[in-house]
1. Could you run through the stretch 31-52 and say how many residues are away from the ligand (no atom under 16 Å from the Cβ) and under 11 Å from the mean Cα position of the chain (by Cα)?
2. Could you tell me whether residue 87 is farther than 15 Å from residue 14 by Cα and either more than 10 Å from the ligand (Cβ to nearest atom) or modelled with pLDDT of 95 or more (or both)?
3. So which of 123, 98 is part of a helix (DSSP H, G or I) and either at pLDDT below 95 or loosely packed, with under 11 Cβ neighbours inside 10 Å (or both)?
4. Which pairs do you get when a residue that is at positive phi, found in the stretch 41-67, comes within reach of a residue that is at pLDDT 95 or above, reach meaning Cβ atoms under 9 angstrom, with the pair 6+ apart or on two chains?
5. Is it the case that residue 109 is part of a helix (DSSP H, G or I) and closer than 19 Å to residue 13 by Cα?
6. Given the criteria crowded, with 20+ Cβ neighbours inside 10 Å, modelled with pLDDT of 95 or more and within 11 Å of the ligand (Cβ to nearest atom), does residue 23 qualify?
7. If residue 92 passes every condition in (1) surrounded by 15 or more Cβ atoms within 10 Å (Cβ to Cβ); (2) more than 10 Å from the ligand (Cβ to nearest atom); (3) outside any helix (DSSP H, G or I) but one, which one does it miss?
8. What pairs come out if I take residues in the stretch 1-26 that are farther than 14 Å from residue 58 by Cα and pair them with residues that are loosely packed, with under 14 Cβ neighbours inside 10 Å whose C-beta lies under 8 Å away, six or more apart or interchain?
Ligand SMILES: CC(C)(COP(=O)(O)OP(=O)(O)OC[C@H]1O[C@@H](n2cnc3c(N)ncnc32)[C@H](O)[C@@H]1OP(=O)(O)O)[C@@H](O)C(=O)NCCC(=O)NCCS
């Protein structure tokens, strides 16, 4: 999970060219185990960008280096916020989709972000009550 967060943060830092902080990690399901000695590969890509926030999808694959068999073990969506020198949210460049798949992913990301913000509001209300 630490590797997933680090890979996601690096993708967000590359896009925003500044420091970032994790604000949300969506549910993470593990489909296959990662065994000792496996080669672990993480692929992180931006799927949605708001004003200061960035959603990143991280996909994890494990390979048995002896057999050469690769498996998709898990994936997750994480949200990072770009920070300025004062540690406050900073605007980031937009995301330009290059094909239909990327357009679809951005729309899906926007939907997930709307849901997260609804959950955030709910949690804030519950914390006050
Ligand atoms: C990140 C932080 C500085 C943002 O400050 P804030 O006062 O909440 O600022 P905002 O409400 O303007 O939110 C900034 C952005 O984050 C997004 N955001 C905030 N909380 C979110 C959540 N739970 N899920 C998804 N996005 C969230 C907002 O939508 C906004 O995005 P946008 O500019 O693209 O619309 C502050 O929330 C913080 O420090 N959080 C703790 C983060 C942390 O310690 N992480 C380490 C975990 S180990």
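1. Taking the stretch 31-52 and keeping what is away from the ligand (no atom under 16 Å from the Cβ), we get 31-45.
Restricting the remaining residues to those that are under 11 Å from the mean Cα position of the chain (by Cα) gives 43-45.
Total meeting the criteria: 3.
2. Numbers: farther than 15 Å from residue 14 by Cα: yes; either more than 10 Å from the ligand (Cβ to nearest atom) or modelled with pLDDT of 95 or more (or both): yes.
Yes; evaluated as a whole, the condition is true for this residue.
3. Numbers: 98 fails: part of a helix (DSSP H, G or I).
Of the residues listed, the single one that is part of a helix (DSSP H, G or I) and either at pLDDT below 95 or loosely packed, with under 11 Cβ neighbours inside 10 Å (or both) is 123.
4. Once the first residue is at positive phi and sits in the stretch 41-67, no partner that is at pLDDT 95 or above comes close enough.
5. Values: part of a helix (DSSP H, G or I): yes; closer than 19 Å to residue 13 by Cα: yes.
Taking the combined requirement at face value, the residue satisfies it.
6. No: the conditions fail for residue 23.
7. Of the numbered conditions (1) surrounded by 15 or more Cβ atoms within 10 Å (Cβ to Cβ); (2) more than 10 Å from the ligand (Cβ to nearest atom); (3) outside any helix (DSSP H, G or I), the odd one out for residue 92 is (2).
8. 15/93; 16/93; 18/84
The values are calculated or read from the model by the stated rules, or taken from the named source; none is laboratory data. None of the values given here were measured: they were computed from a predicted structure. Positions of Cβ are generated from backbone atoms using ideal geometry, with glycine treated the same way; all protein chains shown enter the neighbour counts.
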